1. With the structure loaded, tell me whether residue 351 is crowded, with 17+ Cβ neighbours inside 10 Å and in the same structural domain as residue 418 (by TED's automatic domain parsing) or whether it fails that test.
2. Being surrounded by 17 or more Cβ atoms within 10 Å (Cβ to Cβ) and at positive phi: is that true of residue 360 here?
3. List the number of the failed condition for residue 531; all other conditions in (1) in a strand (DSSP E or B); (2) out of contact with any helix residue (DSSP H, G or I) (no Cβ under 8 Å at 6 or more places or on another chain); (3) touching a residue at least 60 places away in the same chain (Cβ under 8 Å) hold.
4. Mind listing whichever residues of the range 289-326 are outside any helix (DSSP H, G or I) and under 25 Å from the mean Cα position of the chain (by Cα)?
5. Can you find even one residue in the range 517-529 that is assigned by TED's automatic domain parsing to the domain that holds residue 473, out of contact with any strand residue (DSSP E or B) (no Cβ under 8 Å at 6 or more places or on another chain) and at pLDDT 90 or above?
6. Just checking, does the range 327-346 include any residue being in contact (Cβ under 8 Å) with a residue 60 or more places away in the chain, surrounded by 15 or more Cβ atoms within 10 Å (Cβ to Cβ), part of a loop (DSSP other than H, G, I, E, B) and at negative phi?
7. Does the range 136-157 hold any residues that are more than 16 Å from the chain's Cα centre (by Cα) and part of a strand (DSSP E or B), and which are they?
8. Just name the residue that is surrounded by the fewest Cβ atoms within 10 Å (Cβ to Cβ) out of those in the range 472-496 that are in contact (Cβ under 8 Å) with a residue 60 or more places away in the chain and more than 11 Å from residue 383 (Cβ to Cβ).
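The values are calculated or read from the model by the stated rules, or taken from the named source; none is laboratory data. Please read these numbers as outputs of a predicted model, since none were measured by experiment. Note that each Cβ is placed from the backbone with ideal geometry, even for glycine, and that neighbours are counted across all protein chains shown.
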């Protein structure tokens, strides 16, 4: 009787069942810190460890003989020395073994009790040993999915998946999953959130219930891999080759397995963050290394670095050593920030995928973010004055759940284009606003560098120069395809785009000076983020007209917005197109037996219309 085969590895984590994380998750979450602390303690006690062996194996050594002297007093005041002097070495080793076992058992229990599942409605996570917690992230509230691969996690072939949800501290993390499983789970969650799977299930159910449908029809078969009902048996070959020696049989498979694992890890390290088959090459934006380094050195941080270096030099030359303790740590932190900005921009890519905009970055520790359609509340392209000769721009966005006041990693996710040319800005805006890209494109160039009434933007009255003496000529607004565009700034040029379907509110502000000059300011409220959509000054009567227009159009756009279920909309378009093509084919006139050379110009062409 043959033994039952091992159960197949789980490849579908979005089947509604509870699953566990990668077995190495406890080690990656807290075990590395424990190992580092243990190594630090051992490194600092290496001399005591040597003395310990001398005491145990050479008790008559001169250091521990007689009255002990100063060395004995030193050991008596040291915890390790006290253990040795009191003969508690055995108990100390036993306590250390118990501590290590307790940590290992704790890690195993934390992994055992940490489970998750993905249902058609939410992503749920249960965790905790003594105090249990159950978190749920609704799919219709998902703002994006981030997959991060730190360096040590990549060594184990794992990745951290984080589901960003609208709300304060509402994100759900799965640390860690297998690298391939994390990519597959991201695609499944986005497909569930888009409504495509529910639409496909409804279509399959209708096809099954239709007259004449059979279960053998491959179009009605489920697309998810089914679980095996029982153990499977592998067919035995008719003739087996000669068995190798025991050493070869034991060593060859292990060597082959280790070599395959190393090769697989190397391929993962060298593989691009974005799969070339996932997006068309023309939609992918890359950053040259020289541009990344140059933009960082010409950024605002460089000014602060020069100021700090000047203060340190002046303080040292003037005999003020306290300057070193005050400003050197700040200079080190600033240099570290600039270095991290450069490293995070390496291997940067942004591209449009079927599930949304995919942004990837990193060299050793990599990360990528997928933003589904309809989740971007505001976009801002900015240009620092030192970048102007090179034509460089950066693009930031406002997404629910990502705030600049949050962690540095969360703030980094709002930067979708660290530095790029004007052409890159056009391509990125086309990815972030796919439904309005064609209508908005003519206004982008004038919004980036234009002034006055050119390019379809409004003009600002000359009296606004009392409040904005350097930028009043650039201030203006335009609107196209449900997107409001605001340009402003002199030293820091900016172009802000706000989809009206996701605008929260609009406000008009008139201060005492504004009232005297017959001016006003308009603010478009969105979710919290780095983008501040504000028209600083505008004619007061024009501000009231703009207020009414934006208020009405925002309500209309929000009522007709269907981007939260982009998969259903795309499938509906495909179904409508196929139905229209089939109807045209059915109603097309039959071809005559002989070719008709004279056909009326208003007669539809033969064949399906697309």
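1. Spelling it out, it is not the case that residue 351 is crowded, with 17+ Cβ neighbours inside 10 Å and in the same structural domain as residue 418 (by TED's automatic domain parsing).
2. No.
3. (1)
4. Selection gives 299 alone.
5. Looking through the range 517-529, at least one residue is assigned by TED's automatic domain parsing to the domain that holds residue 473, out of contact with any strand residue (DSSP E or B) (no Cβ under 8 Å at 6 or more places or on another chain) and at pLDDT 90 or above.
6. Let us first name the residues in the range 327-346 that are in contact (Cβ under 8 Å) with a residue 60 or more places away in the chain, namely 341, 344-345.
Of the ones still in play, those that are also surrounded by 15 or more Cβ atoms within 10 Å (Cβ to Cβ) are 341, 344-345.
Right, trim to part of a loop (DSSP other than H, G, I, E, B) and you get 345.
Now drop any that are not at negative phi, which leaves 345.
Yes, the range 327-346 has at least one match.
7. Scanning the range 136-157 gives 136, 137, 138.
8. 479
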